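Engineer: Below are the C-alpha cells for one structure; questions will follow.
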Amino acid sequence: MNTKIHQYIDDHANEMVDVLSTLVAIPSVKGEPEGDMPFGKEPAKALWKMLEICENYGFTVKNHENYVGTIDMYTDKETQLGVLCHLDVVPEGTTGWVNPPYQLTLSDGKLYGRGSSDDKGPAVAVLFALRAIKESGIELSKNVRLLVGTDEECGSSDLRYYRAKEALPPYVFTPDATYPVINLEKGRISGKFIKTIAAGSEKTIVSVKGGVAVNAVPEKATAVVKGFTADELDAVKAALPEDITMDIEITGDTAMLTVNGKAAHASAPQTGKNSVTALMKVIGTMQTDDESAAFFASIAKIFAYGESNGESMGIKAQDEKSGALTFVFSMIDYENGAFSSAFDIRFPICECVASVRAKIENTIATVGLDMTDFKGVEPHYVDENSDFIKTLLSVYTDFTGEEGKCLAIGGGTYVHGIEGGVAFGAEFIGEDNHVHGANEYISLEKFILNAKIFAEAILRICG
Ligand SMILES: [Zn+2]
C-alpha cells in the first residue's frame, strides 16, 4: 500500500471535513423543477459547489444539465473506472436531531449531519482519494471518473438521463451502501390486487385498513364489523395466530378489531409480524350474511400469515446465491365491497419478472382478484469471480484484516441495472450510520479510512 498517499490524506483531514461541511450546509432535498434545474435549486447548488471545488483542485469537470456532474483525473486517457456518488439527500424529518441537520457537527469523533454518510461523505472521500493520487505525483495508466448525481433518493432519474447520452466506464462502483461488496440485488415486483364484492348487509365486515408503505410489513391493521354479538366476537379470537395480539372495541352494533403486529422492511419480512394477514385470517372465520367474510377467508389462504416466501401464492423460489424470494402483503383498503391491496416481492436471480407475474396471475385467478399498477425490475448480478470484484475485496481485506466477501441484498443500490456495477462501502460491517434517520453521521476515522481505501482501489484498477 502507498504510504505517501496515506500521509497526504491524513495531512488533509481538516480540509476534507471543511469540504463536507460546505456540502452538508446545502439542504439538497429534491424540489420542484425550476428553469434548467430538474430537481429544484438545492440539489443543483450542491452540484455546482462540488464541481467548483473539484475544478479548483485541478480536475476537469463537466455539468450534465444539472442532472449529473463528472470529475475526470485525465482527459487524454481511456476511462477504466467510474465511481458513482450522489449529492441529493432525503429530508431531515422532524424529530430526534441533537445537532442542526444541515450544520456538520463533530462530536465524540463523529461527524453529524444529513448526507454525512449518504452520500456526501463518501463523495468527498473519493474526491480526496483522487487528489491524493494526483498530488503525490502518481501517473495512472487509465482515467478514473467520479460521477455525482442529484436524484438518487427519488428514483435515479439523474442517472437515466446521463446514461441516455453518455456511456459508463467498463467498471463502476458506488460507495452508497455497505462493505465489503454487494454484487447481487434481488429483482423486485410491486402492484395492487383489486376486487369488488357484493356486501353491505346487516351482519357484515364494513371496512378493513392496514399498512403505511408498500415496502414494509404492516404493523397495525383494523377492521370494523357490524351485527355481531359480544359472544360471537369473543369466539373469533380463537382464529388469531398465537404470536400476535388483537383488541376488540364494541360500540353499539359495531365493533373495531385492531391487530398489533411488528413492522419490518420488505426485504427482511421474516423479522416482522404481518398485522393485515393475521386480521384477514380472523375475519375470514366470521359468519356474515353477505360475501364479505367468505371473501376474506378465500384470500387469507393465499396471503398466509407467518409466511414470507410466497409459497401459498405459488411463487416460492430460492437459489444459493440470492437466498429466498420474499413476499409481503403490505397494505389493505376495503370498504363496502371495494377491495384494494398492495404487495412487495423480492425475487432471486433464478427467477424473472415475467415468470413470477405469470405465477401470481394463475393464483389470484382462483380467488377472482385482478392485478393493477404492476411494476417489475429484474435482478442485478455481477460475477463474484471477476477481476474487478476480486480487486475490491482484496483492498477491503488489506485495510480491515477481515475476509472480503460478496453480499446479496433484497434492496436496490445506485448501480442496479448498470452492467458490471457493484456497491463498495461506505458503511462498515456492524456500523449503523443512521442513514435516512435523525443524527446521521460518519465517524471521522472511517471518513479518512474510506479515502485511503478508495485511493488504493483506484490505484489497483487504473494503475
Ligand atoms: Zn444514498
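Engineer: With θ set to phi - 60° and the Karplus curve 6.51 cos²θ - 1.76 cosθ + 1.60, what are the ³J(HN,Hα) couplings of the range 37-50 in order, to the nearest whole Hz, using x for Gly and Pro?
Structural biologist: Per-residue couplings from phi come out as 10, x, 10, x, 6, 5, x, 5, 4, 4, 5, 4, 4, 4 Hz.
Engineer: Next question, about the same structure. For the chain, give me the percentage of DSSP beta bridges that are antiparallel, rounded to the nearest 5 percent. Each step should come with its number before you reach the end.
Structural biologist: On the way: 74 of 94 bridges.
Of those bridges, close to 80 percent are antiparallel.
Engineer: Ok, one more. May I ask for the net charge around V415, where only other residues with Cβ less than 9 Å from the Cβ of V415 are counted and Lys, Arg are +1 while Asp, Glu are -1?
Structural biologist: Values: positive: none; negative: D176, E185.
With Lys, Arg at +1 and Asp, Glu at -1, the net is -2.
Engineer: For the range 287-297, what does the Karplus curve 6.51 cos²θ - 1.76 cosθ + 1.60, with θ = phi - 60°, yield as ³J(HN,Hα) per residue in whole Hz, taken in order and with x for Gly and Pro?
Structural biologist: Each residue of the range 287-297 in turn: 9, 9, 9, 10, 7, 4, 5, 4, 4, 5, 5 Hz.
Engineer: Another one. Any idea how far the Cα center of the range 34-97 sits from the one of the range 379-456, in Å?
Structural biologist: Computed from Cα coordinates, the inter-centre distance equals 20 Å.
Engineer: Taking amide hydrogens as modeled 1.01 Å from N in the peptide plane, which residues meet the under 5 Å criterion relative to G31, leaving out close sequence neighbours?
Structural biologist: G40
Engineer: Using a 10 Å cut-off around each Cβ, can you sort Y161, Y334 from fewest to most neighbouring Cβ atoms?
Structural biologist: Details: Y161 18, Y334 25.
Arranged by neighbour count, lowest to highest, Y161, Y334 become Y161, Y334.
Engineer: What list of ³J(HN,Hα) couplings, whole Hz, do you get for the range 352-366 from phi and the Karplus terms 6.51, -1.76, 1.60, once you set θ to phi - 60° and write x for glycine and proline?
Structural biologist: 9, 4, 5, 5, 5, 4, 4, 5, 4, 4, 4, 5, 5, 5, 5
Engineer: In which sequence would C85, C406 go, from the one with the fewest C-beta neighbours within 10 Å to the one with the most? Mind dumping the intermediate values first?
Structural biologist: Values: C85 27, C406 18.
In increasing order of surrounding Cβ atoms, one gets C406, C85.
Engineer: Could you pull out every residue, at least 5 positions away or on a different chain, whose amide H is within less than 5 Å of the one on K273? Hs are placed 1.01 Å off N in the peptide plane, and Pro or chain starts have none.
Structural biologist: K262, A263
Engineer: Can you give the helix-only mean residue ellipticity at 222 nm for the chain, where every DSSP H stretch with n ≥ 4 adds -39500 (n - 2.57) and the sum goes over all residues, rounded to the nearest 500 deg cm²/dmol?
Structural biologist: Details: 11 runs with 135 residues, N = 463.
Using -39500 (n - 2.57) per qualifying helix, the result is -9000 deg cm²/dmol.
Engineer: Additional query: Please give the FRET efficiency for T254 paired with E361, using the beta carbon to beta carbon distance and R0 = 30 Å, rounded to the nearest 0.05.
Structural biologist: Numbers: r = 36 Å, r/R0 = 1.21.
Here the calculated transfer efficiency is 0.25.
Engineer: Still on this structure, please answer the following. Rounded, prolate or oblate: which fits the range 1-109 when a ≥ b ≥ c are the square roots of the eigenvalues of the alpha-carbon gyration tensor, with rounded for a/c under 1.5 and prolate only if a/b beats b/c? Mind dumping the intermediate values first?
Structural biologist: Values: a/c = 2.45, a/b = 1.13, b/c = 2.16.
Here the range 1-109 falls in the oblate category.
Engineer: Separate question: Mind listing the long-range amide H neighbours of E427? Cut-off is under 5 Å, sequence gap 5 or more, other chains count too, H placed in the peptide plane at 1.01 Å from N.
Structural biologist: A177, T178, Y179
Engineer: Below 9 angstrom from the Cβ of G272, what's the summed charge of the other residues (Lys, Arg +1; Asp, Glu -1)? Mind showing how you got there, number by number?
Structural biologist: Details: positive: K262, K273; negative: E219.
Local charge sum for G272: +1.
Engineer: For the range 316-344 and the range 211-267, compute the distance between their C-alpha centroids and round to whole Å.
Structural biologist: Computed from Cα coordinates, the inter-centre distance equals 19 Å.
Engineer: Charges at C-beta only: +1 for Lys and Arg, -1 for Asp and Glu. How large is the resulting dipole of the chain about its Cα centre, in Debye rounded to 20? Write down the numbers at each step before the final one.
Structural biologist: Values: 41 positive and 66 negative charges, 109 e Å.
In total the dipole reaches around 520 debye.
Engineer: Helix 444-462: angle to the longest alpha-carbon principal axis of the chain, degrees 0 to 90, nearest 10?
Structural biologist: 70
Engineer: Right, next: So for the pair Q270, A213, with labels modelled 7 Å out along Cα→Cβ, what separation do we get in nm?
Structural biologist: Placing both labels 7 Å beyond Cα along the Cβ direction yields 2.2 nm.
Engineer: Counting other beta carbons within 10 Å of each Cβ, put R114, R131, R357 in order, fewest first.
Structural biologist: Numbers: R114 28, R131 23, R357 17.
Exposure proxy ranking, most exposed first: R357, R131, R114.
Engineer: Kindly identify the chain as rounded, prolate or oblate by the Cα gyration tensor criterion: order the square roots of the eigenvalues as a ≥ b ≥ c, call it rounded if a/c is under 1.5, otherwise compare a/b with b/c, prolate if a/b is larger, else oblate. Could you put the intermediate results ahead of the total?
Structural biologist: Details: a/c = 2.50, a/b = 2.16, b/c = 1.16.
Prolate, because a/c is 1.5 or more and a/b exceeds b/c.
Engineer: Just to verify a number: FRET efficiency for E445 and D373, C-beta to C-beta distance, R0 = 51 Å, to 0.05? Could you put the intermediate results ahead of the total?
Structural biologist: Working: r = 45 Å, r/R0 = 0.89.
Plugging the Cβ-Cβ distance into 1/(1 + (r/R0)^6) gives 0.65.
Engineer: Which is farthest toward the positive dipole end of the range 224-374 among V282, A300, V224, measuring Cα position about the Cα centre, with Cβ charges +1 (Lys, Arg) and -1 (Asp, Glu)?
Structural biologist: Towards the positive end, the residue furthest out is A300.
Computed from the coordinates by the stated procedures, all read-outs in this text should not be read as laboratory data. Remember, predicted model here, so these are calculated numbers, not experimental data. All Cβ positions, even for glycine, are placed from backbone atoms using ideal geometry, and neighbour counts span all protein chains on display.
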